[in-house]
Every structure is written in C-alpha cells, then in structure tokens.
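Encoded as structure tokens, the structure appears first; notes follow it.
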Amino acid sequence: MDFNIGSKIKKLRKARKLTLQDVARETGFSPALISQIENNNVSPPIATLSKIARFFDVKMGHFFEDEEEERKFEVVKRGERRVVSRVISKAGTGHGYTYEALSFRKRNKKMEPFMVTVSERAGEETLYNHDGEEFLLILKGRAEVLLDEERLILEEGDAVYFDSSLRHRLLSYDGEEVQVLAVVTR
C-alpha cells in the first residue's frame, strides 16, 4: 500500500499559501522536484522528506499516518507494511532502493522505523544530511555507509548509530541486495 505523501505536502503548502518556488527556496530543492513529489511521480529519499517535514514544522511521521485516532501501540504485520518506492536523487537519477514504513498508525512518534532494501549499487554517491539521529542494522548483505569522509563496510548483524547532520549515504557494497532496519529521529 502506497502513502499519498505528495498530497500531504501539497496540502501543507496550500494551507500556508506558499508557492512551489517558496518551498523550493527554503528547502534547497528545485520547484520541479517539489512538483514531482506533490504529484506522486517520485517519492523523496528519507533525508529529503526530513527536510520538507522540518520546513513545515511537522514530524516526518505526519506523511505516513492514517487519519485515525491516537493509539498507545501499533502492530504492523509483514504484509501491511507501506512501501515508499521510486526514490530518486535531486539530479533525477535512481538511488536503487526502496523503503517500507514499519509504523504508520501511531502518531507523534519520537522515531521512525523503516525497512530499507538496496537492490543495486547506485551510480552516484550524493550524500545527504538532516536533523536528528539514525540507527542502521544490517539484516542481509554487505553495506557501505558513507559518513562525511569515512567509508564503513558493514556485514549482516553490524550496526551504526550516527548524528544525521553528518553527510551520509547507504550503499550496497558489492551490488548485491542489502536489507537494513533503519530508525530515524527528527
């Protein structure tokens, strides 16, 4: 089941009477990319979505929530995960990964858990940063994690915790599929 992230961003923008150019100027993304995201033609990487959430002063979870009442707990069965796919870079090139929200009913969360699947080695190594912290646990495959100038090779069972203000990127080390549990805070 896909989220309708784009319409939620458009709704926030329209409620504040902002243009695509206003949002682009403040977030550093192009008006064309904001438009593509709003029209659900592309889904933003987590770092991009985090910057958009910060600009609108909402938690990133806002984009993954159902319009339901507040819950004290949430169970998400494997088949109920919500997939965010078609992730592209600012340059319009593919990142070769998808991520699934592991929590989307619980509101006002302090963390956002995702299952990230990297299906190929990306052709470029653009680094991203945003507010908050991240925890990555490699569940399958070998990953290369770029943190500023550092290159870390992580095997199954390895984990890394870092400040998301560091420029970072998750890649497949050898081009094979990598599955990662990612927990992001705002």
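Could you say which residue among Arg81, Arg13, Arg25 is touching a strand residue (DSSP E or B) at 6+ places or on another chain (Cβ under 6 Å), at pLDDT 80 or above and either buried (at least 16 other Cβ atoms within 10 Å of the Cβ) or not small (Gly, Ala, Ser) (or both)?
Step by step, each of Arg81, Arg13, Arg25 is checked, and only Arg81 is touching a strand residue (DSSP E or B) at 6+ places or on another chain (Cβ under 6 Å), at pLDDT 80 or above and either buried (at least 16 other Cβ atoms within 10 Å of the Cβ) or not small (Gly, Ala, Ser) (or both).
Among the residues of the stretch 103-121, count how many are within 8 Å of Gly61 (Cα to Cα) and among the basic types (Lys, Arg). Can you show your working first?
Initial filter on the stretch 103-121 (within 8 Å of Gly61 (Cα to Cα)): 104, 107-109, 112.
When the remaining residues are screened for being among the basic types (Lys, Arg), the result is 107, 109.
Going through the stretch 103-121 one residue at a time, the tally reaches 2.
Please work out which residue is modelled with the lowest pLDDT, limiting yourself to the stretch 84-108 and to residues that are surrounded by 13 or more Cβ atoms within 10 Å (Cβ to Cβ) and farther than 26 Å from Arg121 by Cα.
Arg107
Looking at Tyr173, Tyr161, which one is within 30 Å of Asp57 (Cβ to Cβ) and of a type in the set (Ser, Thr, Tyr)?
Unique residue meeting the criteria: Tyr161.
For the stretch 132-164, what are the residues that are in a loop (DSSP other than H, G, I, E, B) and surrounded by 15 or more Cβ atoms within 10 Å (Cβ to Cβ)?
Gly132, Gly141, Arg142, Ser164
Sort out which residues of the stretch 136-166 are closer than 18 Å to Gly123 by Cβ and of a type outside the set (A, V, I, L, M, F, W, C), and write them in order of number.
Glu144, Arg151, listed by residue number.
Condition check ((1) in contact with an Asp or Glu (Cβ under 8 Å, 6 or more places away or on another chain); (2) in contact (Cβ under 8 Å) with a residue 24 or more places away in the chain; (3) closer than 24 Å to Arg71 by Cβ) across all residues:
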position: Lys106; (1), (2), (3): yes, yes, yes
position: Met111; (1), (2), (3): no, yes, yes
position: Met115; (1), (2), (3): yes, yes, yes
position: Tyr128; (1), (2), (3): no, yes, no
position: Phe135; (1), (2), (3): no, yes, yes
position: Glu144; (1), (2), (3): no, yes, no
position: Ser164; (1), (2), (3): yes, yes, no
position: Glu176; (1), (2), (3): no, yes, no
position: Val183; (1), (2), (3): yes, yes, yes
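If Asp2 meets every condition in (1) acidic (Asp, Glu); (2) in a helix (DSSP H, G or I); (3) at pLDDT below 90 apart from one, which number is that one?
(2)
Identify the single condition in (1) over 15 Å from the mean Cα position of the chain (by Cα); (2) not in a helix (DSSP H, G or I) that Ala24 does not satisfy, given that it satisfies every other one.
Failing condition for Ala24: (2).
The values are calculated or read from the model by the stated rules, or taken from the named source; none is laboratory data. This one's a predicted model, so the numbers in the text were calculated from it and none came from an experiment. Here the Cβ is made from the backbone with ideal geometry for all residues, glycine too, and neighbour counts use every protein chain on show.
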